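All remarks here apply to the structure that follows.
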Amino acid sequence: MNPNLIPSLDAAGLPGPPDLFHVLLVFTFFLHLLFMNLTLGGTLLAAVAHHLGGGRGGDHRAVLAARLMAINTYGISLTISTGVAPLLFIQLLYQQYFYSATILLAWVWLSLLALLTLGYYAAYLYKFRGLPARGGGGGLWLAASALMFLLVAAIHVAVHLVSVQPERWAGLADGAWSVLADPSYLPRLLHFVLAGLGFAALVATWWAVRRAREGVEVELNTAIAAWAWRWVLWTTLLQVVDGFVLLFLLPQAVMRGLMLGGAATLVPLALAILLGLGLLMMVARTTDPVGQPALVGGTLAAMLLAIAVMSITRHQLRALYLAPFTAGAEPTVVPQWGNFLLFAVLLVAGLATVALMLRRVLASPASGAEAA
Amino acid sequence: MDYPIWDVALGGGMLMAIVAIPHVIVAHFAIGGGLLIAVTETLAVRRSDFELRELARRSSLMLILVSTVFGAISGVGIWVVAGLISPAAISALIHTYVWGWAIEWVFFILEIVAALVYYATWDRISKPAHLLVGWLYVVGAVMSLVVINGIITFMLTPGEWLASGAFWDGFFNPTFWPSLVLRTGIALMMATAFMVFVALRASAECREALLRYLGWWLVAGCVVAYAGYRWWEAVLPDTVRNLFRGAEPALAQLAATRSFALWSLTGALLLGLLVLVLAPRLARVATAAGLALAAFAFFGGYERLREGVRKPFLIHSHLFSNGLLVSAIPALNESGLAVRSGWVARGGEDEAQLGRALFRAQCSSCHTLDGYQSIRRALPSRADLSALAAAEDAAQAMRVFRSECAACHPGVGAEEMRGMLPSTDELRQDPEMIADLNHGMITATLLELRDMGEAFTAAPRGAMVNTAPLFSPYMPPFVGSDDELEALAVYLASLDRGDEPKPTRNGKLS
């Protein structure tokens, strides 16, 4: 009789060195995070802004809500599209942990599909029927969309926590909801929500500042920038606190691994902490973002860097959680370098094509009979 | 087989169908629709045809709402469901073709971005720039199809890959090109099926011309799909084709599915010719719905056939649908499954509990207890055997004989079989006799299923296994030790008395 609940490694092996797939997993997850932050944080922020703005067309918060959701109906598509690649690579590298976790939370995991679909179409319903300019309706659709995406985030956090703690699977098999009792569950969920809110607010600020500096609806864009900037400030402050809470809630072995991992783990962690504190200082320096566009641009760049660095730390934490179970279980490697090369070339060519297409589109404005 | 098992009353296969069928319809619409919209806009620009342009514009809204929203989510949904119901199987597929999927993802990104830009830039950018975006969408969508087609066809006809294990041997497998032609035709059919609804909303004076235009596309789609289908059928290995073709197909149900699919295609073609090409004034929402249904029915029928002839494999002759590798059969028969799987081992020493764990690990990817493909209904029951022994109702006795006995006792008639059973008096004196008989029948079936494993193992590597002559061509073999076989028999026999071990909360194994 086998007491080990962890399924065996896939007999097919890996078609490339594990490190290559780890890099691809982190890189594509980072891409996914950018759009995910806009989707989750942007929709939550839009729901709050719409509510506070009373759904009125003239209110700066209601306009912000409409702006965020105009982006989000496209952003949600890109969130899902960019999410496909990390989902692929995690199934490749951690299949026995990932699938086991999703099976233990099967209905919850499956409900993700329904929640995504509902959240997505609710966002479109808000866009088409609920824009403030069209009479102030649609708040309910927006709130529903925000709720759905919040639940999707909650499910992802739960699955992640289960996947990295195989020692808890036997208990979870009889009651998967106990994962919610994990002390790090709520801080971890909050970490994602705050990151989303902060990033979406910062992007909204950056855009409003840009428009105001171009002389477009200066008063309105200045009000939007000031309001969104306050959200950047408060969410960053809370994020720093929550980040430390999360750090201290790590199991001892994981914390030890993080601290004793040398430069590989300490540099990204230290950088993440420094960037968090630095962001807080940058944001706190001004209440007039329109007057300091360089500061806003710098803050946005710093936040992008922070997200990239946190993606690395998050990946390292998963490896440390699973270290006792993966030790000595190396997958066989049967490299397919030709296929990797083909993928790399196509990835570069694909991204270049997208960039050239967008450039051509931006360079080809037209109206009336000349327009498509 | 060493993963935890999710008990889903609906049945894993049914759940997959619920997610996958709408996805493939939408995904093929995304490809054919993209092509048709790009062609339509190109023609509209060349001819300065406002109505054609409107057809393209309105269809593009449907394209992004249906394909970039529902298509993207349901595409992820297929992985989600596959991971829940057949984790080892989908893991094996991903490990084999991860670079294929990674490449497909690149084209998918191009497709999604182009679709969103295309829709968002109507009336805002120049015509050439807009057309460029539309055609880039077509490139992304068609290349996605090419890649996914390679992986899907590999699952049914792995070809040289079985011997070489080489990526491209499996990708450009025997059914790759026919399937690509077939799916191109299907994509055009799906596109017209959706776009007809858009054309019906055009102004009265232009509606007929637009419908006739779409009608020709539909006819082309039907013809291409039919050619692709016949080509696909022709290149299938004899052992696979004979499952549903010939005077006595091994799987009559699949032969019926084939007929259904081809008649549906004929229906779609006739409807398209009549209502769209010849008499577009007859076109209504109801006829458009009928046309869409016929097209979906053909597509659904073909997919059902393709999945059906692949059973019991996920990757033909290599990996069974329950995650069992052909190469792992001897070792698992030697050691038993509980030694390899902690989740099966949780069944413990109790025979019925261990049997239940084995059932869940080996059978539940296809069978539920009482829902889809109910195992309880598939097993012989004591009531049936009693009816056969008593023979008070001749028709019922014959039905029981046919369903429960004839397959294993081909040379024995119903009367002779009845003579082999205990008499009614004997059963009255010892009611347990019928339970023992039931248990014995189940054990005999499991032994046959385990013997099938030897046939799979003995088959030459590198060639596709002919499943038709096997005891149960649809099923994977049973694997496990003698004790495990007995435990599974005890559990299955217990189902008849309605006292199977009860699941704990959440349906999980206690």
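Taking 40 Å² as the minimum loss, tell me which residues in segment B:1-28 lose that much accessible area going from the chain by itself to the full protein complex (1.4 Å probe).
Buried-area filter returns B:2, B:3, B:4, B:6.
Total accessible area buried between chains B and A, 1.4 Å probe, in Å² to the nearest 100?
In total, this chain pair buries about 6900 Å².
Gaussian network model of chain A, Cα springs within a sub-10 Å range: biggest mean-square fluctuation belongs to which of A:25, A:275, A:346?
A:346
Mean Kyte-Doolittle of at least 0.5 plus a Cα span of 15 Å or more along the axis: flag which DSSP H helices in chain A meet both, please.
A:18-52, A:60-93, A:106-129, A:139-163, A:185-213, A:218-248, A:263-284, A:293-326, A:337-362
Taking only complete DSSP H runs, can you tell me which helices of chain B stretch 15 Å or more along their own long axis by Cα positions and average at least 0.5 on the Kyte-Doolittle scale?
What comes out of the filter, once short or polar helices are dropped, is B:12-47, B:72-85, B:87-120, B:127-156, B:176-199, B:252-271, B:285-310, B:482-495.
Quick one: which residues, 5 or more positions from residue B:125 or on another chain, have an amide H under 5 Å from its amide H? H modelled 1.01 Å from N in the peptide plane, none for Pro or chain starts.
A:366, A:372
Using the Cα centre as the reference, give the magnitude of the dipole from point charges on the C-beta atoms of the protein assembly as shown (Lys, Arg: +1; Asp, Glu: -1; all else neutral), rounded to the nearest 20 debye.
3940 debye
At 1.4 Å probe size, with every protein chain present, just tell me what the per residue accessible area of the protein assembly as shown comes to in Å².
Per residue, the protein assembly as shown has 40 Å² of solvent-accessible surface.
Along the positive direction of the dipole of segment B:12-320 (beta-carbon charges: Lys, Arg +1; Asp, Glu -1; about the Cα centre), which of B:115, B:196, B:150 reaches farthest?
Sorting the options by dipole projection puts first B:196.
How large, in percent, is the carbon and sulfur part of the accessible surface of the protein assembly as shown at a probe radius of 1.4 Å?
Its accessible area is 66 percent carbon and sulfur atoms.
What's the magnitude of the charge dipole for chain A around its Cα centre, counting Lys and Arg as +1 and Asp and Glu as -1 at the beta-carbon? Answer in Debye, nearest 20.
It works out to roughly 740 debye.
Return the single residue from A:164, A:345, A:296 with maximal mean-square fluctuation; model: Gaussian network over chain A, springs between Cα atoms under 10 Å.
A:345
Suppose every Lys and Arg Cβ carries +1 and every Asp and Glu Cβ carries -1, with no other charges. What dipole size does chain B come out with about its Cα centre, to the nearest 20 debye?
Once rounded to the nearest 20, the dipole reads 2800 debye.
Can you pull out the GluC sites (Glu not before Pro) in segment B:328-398 whose DSSP state is coil and whose Cβ has at most 15 other Cβ atoms within 10 Å?
Hits after loop and neighbour filter: B:349, B:392.
Taking Cα centroids, how far is segment B:261-315 from segment A:49-78 in Å?
Cα centroid of segment B:261-315 versus Cα centroid of segment A:49-78: 42 Å apart.
The values are calculated or read from the model by the stated rules, or taken from the named source; none is laboratory data. Predicted, not measured: the structure shown is a model, and the values here were computed from it. As a convention, Cβ positions derive from the backbone with ideal geometry for all residues, glycine included, and neighbour counts pool all protein chains shown. Heavy atoms of the whole protein, side chains included, go into the accessibility calculation; ligands, DNA and RNA do not. Shrake-Rupley method; radii C 1.70, N 1.55, O 1.52, S 1.80 Å.
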